[in-house]
Amino acid sequence: MFLFIIRRILTLIPILLAVSFIVFGILRLSPIDPAFAYLTQSQIPPTQEALELTRIELGLDKPFFVQYGIWLKNILSFDFGISYVTKRPVLDDILYYLPTTLNLAFLSMFVVIIFGIALGVLGAIKKDSIIDKSLGVFSFFCVSMPSFWFGFCLIYVFTIYFGILSPYEELSLYSYILPVTTLSLMSLGINTRLVRVSFLEHKSQRSTLYALARNLNKSTINKKVLYTSLLPIVTSLGMHFGELLGGAVVVEILFGLPGFGRYAVSAIYSHDYPVIQAFMIIMVLIFVILNLMVDILLAYLNPQIRYQKAKNEA
């Protein structure tokens, strides 16, 4: 298992290098001159002399690969540069905004895991009953309802109509209720159906039918079936956490949360290149780490996956 984890980490290094090169190259291909954006945000007239001096100051006069090398060396030491807008180190802004986004995503993931598994198992156990059909309608509603529209409905009902929850108050666990409900909606519907299907599939296997025929304890059988149903669910949850991070951008704007996504969107509008580069790299890093954790968890639950990957990489 230890060697498997080491091999997986080593395979991520070239992926991260390739992604960093693409991120840096894409922003350099932008029609907006970074020196012009810097002067504009600093409220300095972008004269030809000022542009040339700024390019020298920002290192933009150097060859492309030299710029990339300097940028890569800096981010490896957590130096993401200075924001054109806030004039603060980008790392300080990241440390301020990122926890809100991660809290939002992790709380939503917690809701998806707990309620998705519970409702999915309930629907499978009560197959074809009124409960199962009601859960099917609920899942269809979750998947069909756009998150931003559902968020507007929650704000209207709980803030304007009843006046019991305010989405724009000071950050606390209480202020996350509406955003987390909005963000977790779609993933909850998908995972509820996925858990139900996976549970029913494993419950119809011969080993389970044999255990039922021997009149063994149903609770024990259901626990065993749930355990064997975890593989597709774990894979799905890994992908859905990425979706939650992406969806957090819209939810942060809708509910006025000071998150990393909202910060990045304002940086895109103001052409704040150091912030945009940092946002893209950090989001890719989070996705890669999540995929690594999912792979490790899958290999732990099913050793056959570990041996097969080792065989393919040999």
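The values are calculated or read from the model by the stated rules, or taken from the named source; none is laboratory data. Since we're looking at a predicted model, the values are computed, not measured. Heads up, the Cβs are rebuilt from the backbone with ideal geometry, glycines too, and the neighbour counts pull from every protein chain shown. Side chains are part of the model used for accessible areas, which takes the heavy atoms of the whole protein and leaves out ligands, DNA and RNA. Shrake-Rupley method; radii C 1.70, N 1.55, O 1.52, S 1.80 Å.
Things worth noting here:
- Accessible surface of the chain, 1.4 Å probe, proportion on carbon and sulfur as whole %: 70
- Positive minus negative residues near residue 213 (Lys, Arg vs Asp, Glu; Cβ under 14 Å): +4
- Three-way shape label, the range 161-250, alpha-carbon gyration tensor, a/c 1.5: prolate
- Only Lys, Arg, Asp and Glu carry charge here, each on its Cβ (+1 for the first two, -1 for the last two); on that basis the chain has a dipole of about 1980 debye about its Cα centre.
- Relative contact order of the range 22-174, pairs being alpha-carbon contacts under 8 Å that are 6 or more residues apart, as %: 9
- Global form of the range 191-314, assessed from the alpha-carbon gyration tensor, a/c cut-off 1.5: oblate
- Residue 47-residue 29 pseudo-label distance in nm [points 7 Å out on the Cα-to-Cβ vector]: 3.6
- The Cα atoms of the range 12-104 give a gyration tensor whose axes a ≥ b ≥ c have a/c of 1.5 or more with a/b no greater than b/c, which makes the shape oblate.
- Non-local Lys pairs in the chain, i.e. 8 or more apart or on different chains, that have alpha carbons under 15 Å apart: 6
- Distance in nm between pseudo-label sites at residue 138 and residue 243 (7 Å out along the Cβ direction from Cα): 1.8
- For the chain, the longest principal axis of the Cα atoms and the long axis of helix 90-125 meet at an angle of about 20 degrees.
- Length gained when the stretch residue 79-residue 210 is fully extended (0.36 nm per residue, less Cα-Cα span): 41.1 nm
- Euclidean distance of C-alpha centroids, the range 256-301 and the range 75-121, integer Å: 7
- Helical mean residue ellipticity (222 nm; -39500 (n - 2.57) per DSSP H run of 4+; nearest 500) of the chain: -25500 deg cm²/dmol
- The long axis of helix 130-144 is offset from the longest Cα principal axis of the chain by roughly 10 degrees.
- Measuring nothing but how far apart in sequence close Cα pairs (under 8 Å, 6+ apart) lie, relative to its length, the chain scores a relative contact order of 25 percent.
- Compared with the dominant principal axis of the Cα atoms in the chain, helix 177-203 is inclined by about 40°.
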